[in-house]
1. Within region 1-38, track down each residue that is surrounded by fewer than 13 Cβ atoms within 10 Å (Cβ to Cβ), polar (S, T, N, Q) and either at pLDDT 95 or above or assigned to a loop (DSSP other than H, G, I, E, B) (or both).
2. Limited to region 44-57, what total is found for residues that are surrounded by 15 or more Cβ atoms within 10 Å (Cβ to Cβ) and not acidic (Asp, Glu)?
Amino acid sequence: MAANEKARAKAEQAAGKAMRAAGRATGNKKMQAKGHAAQGQGQAREAREETTDRFRR
């Protein structure tokens, strides 16, 4: 299950990065903010999974 969560975290980060880029390209500040939030959620999920993995060892 950890691998699944890590993949989900990477996907969230990539989607957020793409949304931020699209927001920058169109000048849409709201889209940039949503992309930044999604990217942050992905990073938080990845950090949580890494912490969980370290305690499982």
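1. Result: Thr26, single match.
2. Quick first cut of region 44-57, residues surrounded by 15 or more Cβ atoms within 10 Å (Cβ to Cβ) only: 45-46, 49.
If we keep only those that are not acidic (Asp, Glu) too, we end up with 45.
Going through region 44-57 one residue at a time, the tally reaches 1.
The values are calculated or read from the model by the stated rules, or taken from the named source; none is laboratory data. Owing to the predicted nature of the structure, the values given are computational and were not obtained by experimental measurement. Reconstructed Cβ throughout: ideal geometry from the backbone, glycine too, with neighbour counts over all protein chains shown.
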